[in-house]
Amino acid sequence: TSAAGDLYRAWMDVRVAFSSSDVLTALQSCEYGEDNALKTYKKALETDASWPAETMNLISNQRQSLKVSHDRIKRYRDERAAKPHTVTH
């Protein structure tokens, strides 16, 4: 984890706490975080560093797993966004 990641997670918690559509906001925030993580994995895989084959496989497998999670979150977000807006307390 990084300081930027910790700060983002704290901001996401505050944003969700004060949002009237907390589920949609949480899904949007999760997708944003997943997007950034995917970019980081992409950079790691594209670097000129000579990673051992096991490390490259691990990074590649983790990125693929993250991509599956990202796509699921995006699908949930799209489904939630399509529903009529209701506020729950």
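Figures for the structure shown
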{"quantity": "Within-13-Å neighbourhood charge of THR40 [Cβ basis; K, R +1; D, E -1]", "calculated": "+2"}
{"quantity": "Computed accessible area, ARG63, all protein chains, 1.4 angstrom probe, square angstrom", "calculated": "70"}
{"quantity": "Potential extension, ASP22-MET56 segment - 0.36 nm per residue separation minus Cα distance", "calculated": "8.5 nm"}
{"quantity": "Candidate residues LYS42, LYS67: accessible-area rank, largest first, probe 1.4 Å", "calculated": "LYS42, LYS67"}
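The values are calculated or read from the model by the stated rules, or taken from the named source; none is laboratory data. These numbers were taken from a predicted model, which means no experiment stands behind them. Here the Cβ is made from the backbone with ideal geometry for all residues, glycine too, and neighbour counts use every protein chain on show. Just so you know, the surface numbers come from the protein's heavy atoms only, side chains and all, with ligands and any DNA or RNA stripped out. Shrake-Rupley method; radii C 1.70, N 1.55, O 1.52, S 1.80 Å.
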